[in-house]
Amino acid sequence: MHAVGGCFLVTGGTKPYNTPVIHIVLVEPEIPQNTGNIARTCAALGATLHLVHPLGFSTDDRYLKRAGLDYWRLVEVRHHKSISFFFETLTTGKQTDSKHRAVGQTEFYLVTRYADQLYTEVSYPDGCYLIFGRETSGLPEKLHSSYPDKRIRIPMRNETRSLNLSNAAAIIGYEAMRRQQFAGLELKGGHE
């Protein structure tokens with residue numbers, strides 16, 4: 001892990017292509033098994049995983065590693081010092097790709113049960129960021145008020161408060177990739 005531009009740290013695996021089609025961002029995740037499962041989904045999708053600190057666990061946690069199985073080597077993981085640092089780089093276009101080159105501003109979506117817009121009603125352009133909040137409290141209120149038009153939700157019954165974080169990330173991650181015609185993913189069965 002090393003500092004990049006003073007804003008975030010990068011660790012991670014080797015991927016078979018240069019630019020991720022989507023980014024999955026976890027803001028202050030609390031449960032290591034959820035993060036490990038999401039890392040596994042990122043490996044399957046070819047997505048970059050962003051972890052916004054503080055984390056509710058150590059990245060050495062055995063449950064985190066177990067949930068991610070042996071897929072950690074396939075995932076590029078970026079650590080951000082705080083939500084402020086993450087949004088500063090995202091909204092100013094100072095985000096960098098895997099070779100630490102600057103890329104322009106990009107689309108992002110805040111996944112929350114408070115949104116009116118469904119996740120199926122938005123486009124998912126190449127390089128978009130899917131931002132998920134903490135398991136217990138969701139995204140910070142400041143994000144809701146700053147970006148109300150960026151909020152999306154997964155429909156569910158009124159009696160349920162939320163889905164498991166790793167399930168929500170998989171649902172929306174795969175929808176984003178479906179909209180991209182599953183770019184970079186194997187479309188035919190090949191495993192015997």
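Looking at region 155-192 only, could you name the residues that are free of Cβ contacts under 8 Å to residues at least 24 places away in the same chain and closer than 17 Å to THR35 by Cβ?
LEU163, ASN167
Go through (1) farther than 23 Å from HIS79 by Cα; (2) at pLDDT 95 or above; (3) not aliphatic (A, V, I, L, M) for THR160 and report which single condition fails.
For THR160, the exception is condition (2).
If the Cβ limit is 8 Å and pairs must be 6+ apart or interchain, which residue in region 119-141 that is among the charged types (D, E, K, R) pairs with which residue that is assigned to a helix (DSSP H, G or I) and modelled with pLDDT of 95 or more?
GLU135/LEU165
It is to be established whether one or more residues within region 3-14 are closer than 16 Å to PRO54 by Cα, modelled with pLDDT of 55 or more, among the aliphatic types (A, V, I, L, M) and within 15 Å of the chain's Cα centre (by Cα).
No: region 3-14 contains no residue that is closer than 16 Å to PRO54 by Cα, modelled with pLDDT of 55 or more, among the aliphatic types (A, V, I, L, M) and within 15 Å of the chain's Cα centre (by Cα).
Out of TYR119, TYR109, TYR174, TYR129, I need the residue that is more than 25 Å from GLU88 (Cα to Cα) and not basic (Lys, Arg). Which one? It would help to see each step written out before you state the result.
Numbers: TYR119 fails: more than 25 Å from GLU88 (Cα to Cα); TYR109 fails: more than 25 Å from GLU88 (Cα to Cα); TYR129 fails: more than 25 Å from GLU88 (Cα to Cα).
It is TYR174.
Within region 127-172, take every residue that is of a type in the set (S, T, N, Q) and in a loop (DSSP other than H, G, I, E, B) and give me the one that is surrounded by the most Cβ atoms within 10 Å (Cβ to Cβ).
Keep residues of region 127-172 that are of a type in the set (S, T, N, Q), which gives 136-137, 145-146, 158, 160, 162, 164, 166-167.
Now drop any that are not in a loop (DSSP other than H, G, I, E, B), which leaves 136-137, 158, 160, 162, 164.
On the way: THR136: 10, SER137: 11, ASN158: 5, THR160: 8, SER162: 16, ASN164: 13.
Residue satisfying both the conditions and the ranking: SER162.
Yes or no, residue by residue, for (1) among the aromatic types (Phe, Trp, Tyr); (2) over 21 Å from CYS42 (Cα atoms); (3) at pLDDT below 95:
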site: PHE132; (1), (2), (3): yes, no, no
site: LYS142; (1), (2), (3): no, yes, yes
site: SER146; (1), (2), (3): no, yes, yes
site: SER166; (1), (2), (3): no, no, no
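The values are calculated or read from the model by the stated rules, or taken from the named source; none is laboratory data. Bear in mind that the values here come from a model prediction, so they are computed numbers and not experimental data. When we count neighbours, we look across all protein chains shown, and the Cβ atoms used for this are built from the backbone with ideal geometry, even at glycine.
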